[in-house]
Every structure is written in C-alpha cells, then in structure tokens.
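Asks: Here it is: the structure, laid out below.
The values are calculated or read from the model by the stated rules, or taken from the named source; none is laboratory data. Note that the coordinates shown come from a computational prediction; the quantities given were computed from them, not determined experimentally. With ideal geometry, Cβ positions are generated from the backbone for all residues, glycine too; neighbour counts draw on all protein chains shown. Each accessible area value is taken on the protein alone, full model and side chains, heavy atoms only, with ligands, DNA and RNA left out. Shrake-Rupley method; radii C 1.70, N 1.55, O 1.52, S 1.80 Å.
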Amino acid sequence: MSIQKRITLWFTLLTNSVLVLFMGFVYLSAYKNRLNEFYTILEKEAITKINLLLETELDAITLQTIYRENREILYEVEVAIYDGEEQLVYHDAVEIDFVKETPEMFKEIRENKSMQFIQEGWQVLGFVYEYRGKPFFVTAAAYDAYGYSKLENIRDTIIIVLFIGVLFIVFLGRYFAKKIIRPVTEMIMEAEMISASNLHLRLGEGEEQDELKQLAHTINRLLERLEKSFESQKQFVSYVSHELRTPLTAIITELEWALQRERNLEEYQETLENVLADGHGMAKLLSTLLDFAKANYDRSEVNFKPIRVDEVLLDASTELQKSNPEYKVELDFAENSEEEEVTVEGNAYLLSIAFSNLMSNACKFSKNHKCTISISLENNQAKVLFRDNGIGIPKQELNKIFTPFYRGQNKNFAKGSGIGLTLVKKIVDMHLGEIKVTSDVIKGSIFEVFLPKS
Ligand code: ADP
C-alpha cells in the first residue's frame, strides 16, 4: 500500500474515531440528562399530587378526572399513594394501573428509601414520603414522549453529522496526504530522469527546512560523489591512452626501422634494448596511472615522500628528449646551488608526468622546440618556471586550457588530445600546489608551478 494511501487511512481512522467517540459522548450525556431530569419531574409531580390530596383535601375523584383527561395529551404522571401498612390511599386510575406495586417493591422502597426502573419505556419512581410524621409509599410513572423525541432528534443530527463528517474527513485526508507526499512524488520523477549520461542533474531541495529537504540534500551529495567518481573513471581512460601513446609510437617506430631491411647484430640488440626500455617505461607509467586512478584524486592514498624537484625535472627532460630528439630542454639552474636543491613532499612519478607535459607543450608549440626551466624559492614554496618562445596562447583561451579535452586554436600547429594540462593541474592540486600561466602571442608562454616545500 502506498504511503499516501496509508496516511489517508490512518488520518481518516483516527479522526473519525475521535468524531464517533465525541458524538457518542454527546448522545450518552443527552440520554442520561433526559433520564435524570424526568425522574426529578416525576418526583415533583408526585409530591404535588400528595400535597393536593392530603393538604388541600382535594377529593380523589377530581384528581383522577384530571389524570384521565390529560393522560394522552400531557402524558400525565400516574401516581399511587400507599400508607405505612401498604394499603392503597389513592390511585390515579385503578383500571389503567400501569405499575403493579408488589410486596417486593415496597420492601425495596422501604430499605433504600427510593427505587427507579423503566417499564416499556415508562419511567417508574417509588419513594417514601413523610407527611405529618406518617410514612407513605408513593409510586409515580410517566412516559417522557417529549424527551424521547428530543433524544431522537439529537440521534438523527448526530448520524447526519457523522455521515457528512466522515466524508469530509476522507476528502481532507486524501488532500493532505497528497500534499504531504507531493515533494516525494516530485523527487521520484526527478530521480527517474537521472542516469549515467546526465549525472549532473540534481533533485530540487525546496524551500521548507524539513526532513525531505535533508533527504534531497543527502541524495544530491551522493550524486555529486558519484558524478565525481564517474568523471574520474572516464578521465582515467583518456589519461591512460594519452600517456601510453608516446612510448607505443616509439616502440612501433623502432620496430619498423629494424624490419625495414636486414640489420646487423648490434643494431638489432640496440633496437631490442630501446624497446625493452620503452616497455619498462610503459609498465612504470601504467602503475603510476593506476595508482593515480586508485587514489581517485585523494591525497591520502598516494605515496608522498620528500623528493628533489631538480632531479625529477632532469629525469623528465632526459626521457622526453629521448623520445623527441628535436626537443631542447634547458634546465636553467646552477648545480649544487642551495636554492635549486629544492625538496618538496611529493610523488616523483606523478610530478615527472606533470613536468614532462609542460616541457612537451613548450617544445611542441614553439618553432625552435625549446623549453627553458628554472627553479626558485618563493614564500617557502618551490617555484618551477617553464618558459618558451612559442606561438603563445590567446588571452580568451587562458582560463579554458585546463579543461579536459580542450584544445585551443593552436591545435592546428601541433598534435595533441587536450588532456595534458588537465592532468598537470590534477597532479599540482594533489600536491597542494598552484599553477599559473601567462602568455603572449608574440613572446611565448610561461607556466609557473608552485609546490609547498617539505
Ligand atoms: P594538447 O597539448 O594535447 O592539445 P593540453 O591540455 O596539453 O593539450 O593543452 C591544451 C591547449 O593549451 C593546447 O591545445 C594549446 O592550445 C594550449 N597550450 C598549452 N601549452 C601551450 C604552450 N606552451 N604554448 C601554446 N599553447 C599551449
């Protein structure tokens, strides 16, 4: 059963129970009031008759006539008076005699001073009345036709109110249940539209500060995490293909060269050594990328240790120039100078990938294929500067070049995939560093990488 139906059912059941109880209480109290009031009236009427008979010595025949004549119209009280010896003193109409006084009745009246009971709808009251020191047994009986019809009216009104009330409550219950559940229904519809291809969609959180807002917020945070990890997975595949392309091309080129014609033993050996070196490089790269993917950009899962930036730069430039002999990487720092021996807390593989990409871009987008690198210290940070005299980056592209797969207008100048700088930025962020770029289409580009010193 849906929650909406359950809310309606519970609301209707509870509210209707309260209504029925309340109406029942009203009817019961009306019933009791009528009963008690009528017994009081009976007693008063009976006492009036005794007084009329005993005090004013009105003759019994007149009283009986009044009784007989008004009996049907006024529902006159039928009164019987007995003396202490249970002998009849007066009776309104012996031939009608509705109440049959028995010795048991006298006994009960004597013991309890009074008694009440209902006979065929008639209310009967018996009590002891003292007159001038003498006890009299009095019984009075009458039918409360007016009271009963009032009670019936109340009962009919209650039934109508109950009927309308129940319908109204069912309608209200349905309306409110729908209103309460509406945000959930909307949430379900919105959630149904979210799939792997549009994980950027979010649920509406609404204005109310309630549990549903919390739920939507929690689901949205979950979606954010999912989207991030989904994106990471997608990017990882791109990174892998991007990073593996260079060594694979080198291997293919070398093998093709070896197979072009028959080579001597040394040449074959050299080719195999080069291919083996590239193979090792790829294996290393793969494990780094896997490490990178596993880390999912979470610093805590990557192995960090103090490393010398100049050494990483040197290794990266050697590797790059090996696969691109036309590239010229100039490391502009004097050996053993204290400033250049900058040590940072980092992952050497990841940093060499970042540096290699920056060097490669500098050489790739310059006619002279030259990149100049310098290291310095700034505010307890290592600053690594990559400069080229290349074609530069137009101003309007500067804020886009770190976006995955973005290739600026320079894409016609050199081949690429638009992932290199994204990877660089990720790695620098992971090292809690910063990357800045300044470029001029005439002078060339400068990429500055800031890494906190260990
Ligand atoms: P790719 O080099 O594969 O195109 P990158 O992410 O490394 O991708 O670079 C993104 C874009 O930034 C490049 O397409 C190019 O337009 C621009 N770019 C990056 N570095 C340089 C540079 N040193 N000189 C000129 N343009 C650059």
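Asks: Considering every residue within segment 21-31, establish whether at least one is of a type in the set (Val, Ile, Thr) and under 30 Å from residue 169 (Cβ atoms).
Replies: Going residue by residue through segment 21-31, those that are of a type in the set (Val, Ile, Thr) are 26.
Then drop every residue that is not under 30 Å from residue 169 (Cβ atoms), which leaves 26.
Within segment 21-31, one or more residues are of a type in the set (Val, Ile, Thr) and under 30 Å from residue 169 (Cβ atoms).
Asks: Okay, moving on. Any idea which of 180, 160 is surrounded by fewer than 16 Cβ atoms within 10 Å (Cβ to Cβ), under 22 Å from the mean Cα position of the chain (by Cα) and farther than 30 Å from residue 67 by Cα? Don't jump to the end; show me each part of the working.
Replies: Numbers: 160 fails: under 22 Å from the mean Cα position of the chain (by Cα).
None of the others qualify; the one that does is 180.
Asks: Another question, then. Need the failing condition index for residue 432 against (1) modelled with pLDDT of 90 or more; (2) in a loop (DSSP other than H, G, I, E, B); (3) within 9 Å of the ligand (Cβ to nearest atom), just the number.
Replies: Among (1) modelled with pLDDT of 90 or more; (2) in a loop (DSSP other than H, G, I, E, B); (3) within 9 Å of the ligand (Cβ to nearest atom), residue 432 violates only (3).
Asks: Which numbered condition trips up residue 446, out of (1) more than 8 Å from the ligand (Cβ to nearest atom); (2) at pLDDT 90 or above; (3) within 46 Å of the chain's Cα centre (by Cα)?
Replies: Among (1) more than 8 Å from the ligand (Cβ to nearest atom); (2) at pLDDT 90 or above; (3) within 46 Å of the chain's Cα centre (by Cα), residue 446 violates only (3).
Asks: If you don't mind, another one. Could you list, in sequence order, the residues of segment 382-400 that are in contact with a Lys or Arg (Cβ under 9 Å, 6 or more places away or on another chain) and either open to solvent by less than 50 Å² (accessible area, probe 1.4 Å) or near the ligand (Cβ under 6 Å from one of its atoms) (or both)?
Replies: 382, 388, 390, 391, 392, listed by residue number.
Asks: Could you please find all residues in segment 403-422 being crowded, with 17+ Cβ neighbours inside 10 Å and in contact with a helix residue (DSSP H, G or I) (Cβ under 6 Å, 6 or more places away or on another chain)?
Replies: 404, 408, 419, 420
Asks: Those residues that are within 16 Å of the ligand (Cβ to nearest atom), over 15 Å from residue 302 (Cα atoms) and open to solvent by 10 Å² or more (accessible area, probe 1.4 Å), I need them from segment 353-377; list them, please.
Replies: Residues of segment 353-377 that are within 16 Å of the ligand (Cβ to nearest atom), as a first pass: 353-374.
Within this subset, residues satisfying the condition of being over 15 Å from residue 302 (Cα atoms) are 354-374.
Scanning segment 353-377 gives 356, 357, 360, 361, 364, 365, 367, 368, 369, 370, 372, 374.
Asks: Let me ask something else about it. Let me confirm something: among 66, 61, 50, which residue is part of a helix (DSSP H, G or I) and loosely packed, with under 13 Cβ neighbours inside 10 Å? Spell out the reasoning first.
Replies: Numbers: 66 fails: loosely packed, with under 13 Cβ neighbours inside 10 Å; 50 fails: loosely packed, with under 13 Cβ neighbours inside 10 Å.
Going through 66, 61, 50 in turn, the sole match is 61.
Asks: When you go through 311, 319, 397 one by one, which is the residue that is in the same structural domain as residue 425 (by TED's automatic domain parsing) and closer than 23 Å to residue 441 by Cβ? I'd like the intermediate steps shown before the answer.
Replies: Working: 311 fails: closer than 23 Å to residue 441 by Cβ; 319 fails: closer than 23 Å to residue 441 by Cβ.
Just one listed residue meets the conditions, 397.
Asks: Scanning segment 76-127 for residues that are open to solvent by 20 Å² or more (accessible area, probe 1.4 Å) and among the aromatic types (Phe, Trp, Tyr), which turns out farthest from residue 146 (Cα to Cα)?
Replies: By that ranking, first place goes to 82.
Asks: If you don't mind, another one. Could you identify the single residue in 266, 256, 273, 243 that is among the acidic types (Asp, Glu), under 22 Å from residue 351 (Cβ atoms) and part of a helix (DSSP H, G or I)?
Replies: 243
Asks: Among the candidates 454, 417, which residue alone is closer than 17 Å to residue 350 by Cα and at pLDDT below 90?
Replies: From the options 454, 417, the qualifying one is 454.
Asks: Can I ask one more? Given the condition open to solvent by 90 Å² or more (accessible area, probe 1.4 Å) and within 30 Å of residue 176 (Cβ to Cβ), answer yes or no: does some residue in segment 31-47 qualify?
Replies: No, there is no match, as no residue in segment 31-47 is open to solvent by 90 Å² or more (accessible area, probe 1.4 Å) and within 30 Å of residue 176 (Cβ to Cβ).
Asks: What pairs come up if the first residue lies in segment 409-431 and is within 16 Å of residue 299 (Cβ to Cβ), the second is open to solvent by 30 Å² or more (accessible area, probe 1.4 Å) and assigned to a loop (DSSP other than H, G, I, E, B), and their beta carbons are under 6 Å apart, counting only those six or more places apart or on different chains?
Replies: 425/402
Asks: Still on this structure, please answer the following. Starting from residues that are in a loop (DSSP other than H, G, I, E, B) and at pLDDT 85 or above, keep the ones in segment 318-352 and report whichever is surrounded by the most Cβ atoms within 10 Å (Cβ to Cβ).
Replies: 347
Asks: Given (1) small (Gly, Ala, Ser); (2) surrounded by 17 or more Cβ atoms within 10 Å (Cβ to Cβ); (3) more than 7 Å from the ligand (Cβ to nearest atom), where does residue 454 come up short, assuming only one miss?
Replies: (2)
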